[in-house]
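Supplied in structure tokens, the structure appears directly below.
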């Protein structure tokens with residue numbers, strides 16, 4: 001697996017200050033994609049053990065709230081293979097820090113409720129390691145720059161722990177004024 005970029009102080013892709021890993025490779029090719037260069041699976045640099053260790057070191061300060069994995073497309077089958085051990089290592093090392101993942105695939109596709117090429121034998125394990133999934137393709141006609149942590153109104157912020165308990169997609173909320181609710185899909 002290759003990666004396009006690592007941001008060590010990112011405040012745009014999840015709550016708090018995070019480390020963000022942009023993987024390479026995406027077959028969605030969404031119109032208006034902000035990271036078109038990362039569509040190519042060969043773009044960037046190899047995601048090696050040394051790179052993993054540098055990311056872990058970047059996550060050590062207490063003010064870093066977690067890691068965000070986006071792309072490209074983290075849930076392309078090729079990228080899932082490259083990410084699984086890294087994510088396991090992150091959770092073992094930082095059990096109280098969150099993992100956010102962005103995907104053009106929907107929660108229902110990733111869970112195998114709708115047919116998709118993204119579903120592999122390790123998809124569920126990756127989802128179990130992550131805390132929040134921002135799902136759905138970027139749609140140019142639904143672009144909305146006022147939305148927090150997403151680019152178009154069709155995209156959802158899924159609380160993966162609560163979704164696992166509920167058996168369907170539960171929207172993530174970071175504002176205690178809003179009650180978390182279940183979406184019927």
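Quick one: how many residues across the range 121-138 are crowded, with 16+ Cβ neighbours inside 10 Å and at negative phi? First the steps, then the outcome.
Of the residues in the range 121-138, the ones crowded, with 16+ Cβ neighbours inside 10 Å are 123, 126-127, 129-138.
Right, trim to at negative phi and you get 123, 126-127, 129-135, 137-138.
Residues in the range 121-138 being crowded, with 16+ Cβ neighbours inside 10 Å and at negative phi: 12 in total.
Scanning for something within 19 Å of residue 12 (Cα to Cα), within 14 Å of the chain's Cα centre (by Cα) and either modelled with pLDDT of 95 or more or surrounded by 20 or more Cβ atoms within 10 Å (Cβ to Cβ) (or both), does the range 79-88 turn up at least one residue?
No, there is no match, as no residue in the range 79-88 is within 19 Å of residue 12 (Cα to Cα), within 14 Å of the chain's Cα centre (by Cα) and either modelled with pLDDT of 95 or more or surrounded by 20 or more Cβ atoms within 10 Å (Cβ to Cβ) (or both).
Among the candidates 32, 25, 44, 14, single out the residue that is exposed (fewer than 13 other Cβ atoms within 10 Å of the Cβ) and closer than 30 Å to residue 140 by Cβ.
32
Another question, if that's okay. Just give me the residues in the range 97-151 being over 26 Å from residue 85 (Cα atoms) and within 14 Å of the chain's Cα centre (by Cα), in sequence order.
Of everything in the range 97-151, those that are over 26 Å from residue 85 (Cα atoms) and within 14 Å of the chain's Cα centre (by Cα) turn out to be 138, 150, 151.
Select from the range 115-128 the residues that are assigned to a helix (DSSP H, G or I) and either in contact with a helix residue (DSSP H, G or I) (Cβ under 6 Å, 6 or more places away or on another chain) or touching a residue at least 40 places away in the same chain (Cβ under 8 Å) (or both) and list them in ascending order.
Within the range 115-128, 123, 125, 126, 127 qualify.
Sort out which residues of the range 1-19 are assigned to a strand (DSSP E or B) and over 13 Å from the mean Cα position of the chain (by Cα), and write them in order of number.
2, 3, 4, 5, 6, 7, 8, 9, 10, 17
Continuing with this model, one more query. Here is a list: 131, 159, 135. Which entry is in contact (Cβ under 8 Å) with a residue 60 or more places away in the chain and closer than 26 Å to residue 34 by Cβ?
On inspection, the qualifying residue turns out to be 131.
Look at residue 137 and say whether it is within 23 Å of residue 124 (Cβ to Cβ), at pLDDT 90 or above and out of contact with any strand residue (DSSP E or B) (no Cβ under 6 Å at 6 or more places or on another chain).
yes
To keep it simple, each residue is scored yes or no on (1) surrounded by 13 or more Cβ atoms within 10 Å (Cβ to Cβ); (2) modelled with pLDDT of 95 or more.
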{"site": "93", "(1), (2)": "no, yes"}
{"site": "101", "(1), (2)": "yes, yes"}
{"site": "144", "(1), (2)": "no, no"}
{"site": "175", "(1), (2)": "no, no"}
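Right, another one. Could you tell me which residue of the range 148-170 is surrounded by the most Cβ atoms within 10 Å (Cβ to Cβ), considering only residues that are part of a strand (DSSP E or B) and at pLDDT 95 or above?
Going through the qualifying residues, I end up with 158.
The values are calculated or read from the model by the stated rules, or taken from the named source; none is laboratory data. Everything numeric in this text was worked out from a predicted model, so none of it was measured. When we count neighbours, we look across all protein chains shown, and the Cβ atoms used for this are built from the backbone with ideal geometry, even at glycine.
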